[in-house]
Amino acid sequence: MLNGKTILITGASRGIGRETSLLLARNHAELILNYNSSEAEVLKLADEINQMGVRAVSVKANVSDRNQVQAMFKKIRSEFGRLDVLVNNAGIINDDLLLMTKEHVYDNLMEVNVKGCFNCMQFATKMMIGKERGKIINVSSIIGRYGNSGQAVYSATKAAVIGLTTSSAKELGQLGITVNAVAPGVIDTDMTSQLKPEFKKKLIDGTALKRIGKPVEVAKVILFLASDLSDYVSGQIIGVDGCQVV
């Protein structure tokens with residue numbers, strides 16, 4: 001399904017990033033697995049993928065650091081010579097009430113979730129322009145669409161990702177580049193494990209399906225967007241949230 005495609009996945013070592021990496025590898029994509037701090041996990045993942053007979057390399061870079069992102073893309077260009085798909089998955093969460101949120105928490109969330117996405121989109125686009133074809137897939141959140149009490153800043157960062165997605169889709173379409181986003185709801189990851197049990201239960205109860213989502217269920221939508229099946233899909237925000245009704 002993805003034969004011949006070279007794909008960069010940021011934040012690839014755990015959760016949605018890991019499941020996406022495995023699913024895209026099973027569909028024969030060559031992978032660049034980005035990580036920042038989870039070296040052991042990403043090396044294990046790369047080894048697992050290589051044992052499938054699929055090429056996967058790991059590249060360390062803090063996506064919020066422009067110099068590190070530039071170095072990562074330089075390595076991609078030298079080792080692969082092309083980039084067909086970017087999956088902007090790297091992100092962090094740090095929830096608190098608006099009046100309790102510290103400035104440094106705000107800054108960190110914005111740096112990683114928004115600037116990191118922006119940095120990778122810029123460098124990926126420069127690699128895709130030459131062949132007039134490419135796909136950018138951003139991982140936002142359903143909270144970025146509807147907001148949530150206690151998540152004002154996190155919600156703002158994910159809303160910004162939605163804005164980057166829809167506006168960039170209009171700019172880059174003429175270059176043959178599609179830009180879409182997935183907006184996961186409550187997914188069973190390390191990130192959601194940090195949530196207070198009563199808060200997580202409230203989120204799950206607010207879905208029509210009344211259960212927590214699995215990372216692979218998000219990965220399946222990313223697979224669709226990375227494949228040729230989505231060639232006429234752009235500027236879309238696809239919720240993977242079990243139908244959030246509250």
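Some points to look at:
- Helices (runs of 4 or more DSSP H) enclosed by segment 2-106 - at least 3 residues per element that are in contact with an Asp or Glu (Cβ under 8 Å, 6 or more places away or on another chain): 15-26
- On inspection, ALA181 fails the criterion of being of a type in the set (Gly, Ala, Ser), touching a helix residue (DSSP H, G or I) at 6+ places or on another chain (Cβ under 6 Å), crowded, with 21+ Cβ neighbours inside 10 Å and assigned to a helix (DSSP H, G or I).
- Matching residues in segment 184-225 - criterion: being modelled with pLDDT of 95 or more, part of a helix (DSSP H, G or I) and open to solvent by 90 Å² or more (accessible area, probe 1.4 Å): LYS220
- Considering segment 122-138, and only residues there that are buried (at least 19 other Cβ atoms within 10 Å of the Cβ) and more than 10 Å from ILE177 (Cβ to Cβ), the residue that is nearest to the chain's Cα centre (by Cα) turns out to be ASN138.
- Filtered residues of segment 165-178 (kept if part of a helix (DSSP H, G or I) and either out of contact with any helix residue (DSSP H, G or I) (no Cβ under 6 Å at 6 or more places or on another chain) or of a type in the set (Gly, Ala, Ser) (or both)): THR165, THR166, SER167, SER168, ALA169, LYS170, GLU171, LEU172, GLY173, GLN174
- Candidate set from segment 16-58 (those that are in contact (Cβ under 8 Å) with a residue 40 or more places away in the chain and more than 22 Å from THR189 (Cα to Cα)); member that is surrounded by the most Cβ atoms within 10 Å (Cβ to Cβ): ALA29
- Conditions (1) open to solvent by less than 70 Å² (accessible area, probe 1.4 Å); (2) closer than 21 Å to ASN89 by Cβ: number failed by GLY150: (2)
The values are calculated or read from the model by the stated rules, or taken from the named source; none is laboratory data. Computed from a prediction, not measured in an experiment: that's the story for all the values here. Virtual Cβ from ideal backbone geometry, glycine too; neighbours counted across all protein chains shown. The area values use the complete protein model at the heavy-atom level, side chains included, leaving out ligands, DNA and RNA. Shrake-Rupley method; radii C 1.70, N 1.55, O 1.52, S 1.80 Å.
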